[in-house]
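Remarks on the structure that follows.
None of the figures in this text is laboratory data; all of them are computed from the coordinates on show. The shown structure was predicted, so the numbers you read here are calculated from the model rather than taken from an experiment. Heads up, the Cβs are rebuilt from the backbone with ideal geometry, glycines too, and the neighbour counts pull from every protein chain shown.
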Amino acid sequence: MKRTSIVNTWVGAIVGAIPPVMGWTACNGRLWPSSTSPIELFPPPILDFTSSIASYFPDFIHIAGTADSPLGAFALFMLLFSWQFPHFNSLAHLVRTSYAQGGYKMLPVVDPKKNALVSLRHTALLAGICTVLTPLSGLTTWAFAATSAVPNALLLSNAWRFWRRPGDKEARRLWHNSLWWLPVILGLMMVHKQGASWTEWIGLVEAAKPEEKEKEHKNSKVEKTE
């Protein structure tokens, strides 16, 4: 496909975003919403606007609950899908001469400016995914939206520079930025995992019994429905 159309990058990004979804399903996560596996939303405590949305689709959308709703799989997919564009497009720009010599129809060969613009668009989308979609899906708490702001701002800044001046220096800087951005973001997602208690994990406090956690979970769902 690389010899025939620039769409190859988008197709490759879909393939690259599937592995975390495979892991999600392996852990018994659900991919599609249903009455038995609804989309569960985790709105920020100060802005519970999703209650009105859920009221229109009571069989498919719930407020809070468990952090394994189908929206979590979608958030993981979008995170990996969009990350590949600033990562790969900047690298492809650096080797565009080799692509051209090989007869590959890559975006940096056909339209270098659009190549940089696509990188910028998906970098901006990554900021939205981290700030809204990920915590709303229940993968993380809303603290993740704040702690991910710094790496997102740095990546967006380099993507903006690459778009303003699509040169080798700017492309290399964006590519290097994308290399550390992903592990940092995934690490922050682990730190802010919904329902995780790191003080219990390292033994600073006694872990709650399963019965107590289940009771607390049921009480929180009752409070949300009232």
Distance in nm between A146 and T25 label points, each 7 Å along Cα→Cβ, equals 3.8
At q = 0.11, 0.15 1/Å the base-10 log of I(q)/I(0) from the Debye formula over the alpha-carbon atoms of the range 87-199 is -0.41, -0.66
Counting sequence-distant residues (5 or more places) and residues on other chains, those with an amide H built under 5 Å from that of T140 are Q194
Ordering 87-96, 101-110 by per-residue average of other C-beta atoms within 10 angstrom, highest first, gives 87-96, 101-110
If the chain between W10 and R165 were fully extended at 0.36 nm per residue, the gain over the current Cα-Cα distance would be 53.5 nm
Once R172 and K113 are pulled to full extension, the length gained, defined as 0.36 nm per residue separation minus their Cα-Cα distance, is 19.7 nm
For 154-161, 5-12, ranked highest to lowest by mean beta-carbon neighbours within 10 Å, the order is 154-161, 5-12
